[in-house]
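Report on the following structure.
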Amino acid sequence: MNFQGTRIVDLAAGSVATGLYILKQKELRKAQSGKLFVNMDFSDKTGTVNAKIWDATPELFDGLQVNKIYYVKGRVDLWNGVLQLTVDKYKMAEPEIQEKIEDFVPSAPEKPEEMLAYIEQCVESFENDDLRLLVRYFLETNKEKLLYWPAAKSLHHAVRSGLLYHIKRMLMNAQGVANVYEGINKDLLFAGIILHDMDKLNELESNTLGMADYTVEGQLLGHIPMGILSIQRMSDDLSIDPEITLMLQHMILTHHGIPEYGSPKPPMIIEAEILHLLDLMDARIYDFTESLQNVEPGEFSEPVWSMDKRRLYKHKI
Ligand SMILES: [Fe+2]
Ligand SMILES: [Fe+2]
């Protein structure tokens, strides 16, 4: 591939850019003038940018294919402090380029094999035999999917290998927390972290590029009830101590903290409370970084839906 366009991270306001990007999502909207326009997101490995095609038609909209790579030429503007691309010309890239789509997909910043090795090493240090057996069994049976699975369809960690990245960073933080506070069962906390989102592997359906959608089971049940069933199934297969099974199920049940976010009960053991807080922290920090990616210093982000529509500020320090 000879074409060298502008990477999304390098887009600068006021310039005209040409690049090769994946069309991540598209939407046909009506402007106040009554004219149609396409609201869309383009991504490459370095990030995502919102783009618009003004004066669109339904035919033009139908012709745009999501998850395909396009040559895009457009003007980069700063709109409400956020970079936006006004598309002037676009063309679908050749089949040879479409085959290399992996090079364009946003991925977790660490190698999946290394993240998995970190998690496996942590499991090997468990003193509790049942927890080691159970978590090892989960990792072994799901290894292939875990390497590329995203953690979400569109919220935090919705990138290739995002689930592994989420687990790994939570584990790193948990090690710190467990060294500071007393009375925490480390094995239980670490096992809960590795297993808490385990049924995202079944709640979502993902291609190997980490582009996901909800399954029927995922839509009707969600990863929390599905995870509780999976823990039961694995525990029965491996004859795990029922107290351990129950604690892990409680940790999965409560990890979203409140009923509005899918947890019918609040955490009632310290390891569940810490899991919930670490989960929230990791998602928040991810969203902060992501939302400020295309924001210039001294400007605010768009309202962030996952954070009660807060607008985030990129300071100049
Ligand atoms: Fe979750
Ligand atoms: Fe999570």
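The values are calculated or read from the model by the stated rules, or taken from the named source; none is laboratory data. Every value quoted in this text rests on a predicted model; they were computed, and no experiment measured them. Note: ideal-geometry Cβ built from the backbone for every residue, glycine included; neighbour counts use all protein chains shown.
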Problem set entry | Subset of segment 253-274 [within 13 Å of ligand 2 (Cβ to nearest atom) and either within 18 Å of the chain's Cα centre (by Cα) or surrounded by fewer than 17 Cβ atoms within 10 Å (Cβ to Cβ) (or both)] | His255, His256, Tyr261, Gly262
Seminar exercise, completed: Going through (1) modelled with pLDDT of 95 or more; (2) not in a helix (DSSP H, G or I) one by one, Ala151 fails only at (1)
For this session: For Leu229, work out the one condition from (1) closer than 26 Å to Ser306 by Cα; (2) away from ligand 2 (no atom under 16 Å from the Cβ) it doesn't fulfil.
Result: (1)
For this session: Please list, ordered by first then second residue, the pairs with beta carbon atoms under 8 Å, 6 or more apart or interchain, first in segment 204-221 and at pLDDT 85 or above, second among the β-branched types (Val, Ile, Thr).
Result: Leu204/Thr215; Glu205/Thr215
For this session: For segment 156-178, name all the residues that are within 16 Å of ligand 1 (Cβ to nearest atom) and among the basic types (Lys, Arg).
Result: Lys168, Arg169
Problem set entry | Restricting segment 285-298 to residues that are surrounded by fewer than 19 Cβ atoms within 10 Å (Cβ to Cβ) and assigned to a loop (DSSP other than H, G, I, E, B), the residue that is nearest to ligand 2 (Cβ to nearest atom) | Gln293
Exercise. How many residues, within segment 285-312, are under 22 Å from the mean Cα position of the chain (by Cα) and away from ligand 1 (no atom under 16 Å from the Cβ)?
Worked result: 19
For this session: Could you tell me whether Gly218 is touching a strand residue (DSSP E or B) at 6+ places or on another chain (Cβ under 7 Å) and within 16 Å of ligand 2 (Cβ to nearest atom)?
Result: yes
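When the residues of segment 238-252 are narrowed to those that are more than 19 Å from the chain's Cα centre (by Cα) and touching a residue at least 24 places away in the same chain (Cβ under 8 Å), which ends up nearest to Lys24 (Cα to Cα)?
Selected residue: Met251.
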Exercise. Yes or no: Ser306 within 16 Å of ligand 2 (Cβ to nearest atom) and outside the structural domain of Ile193 (by TED's automatic domain parsing)?
Worked result: yes
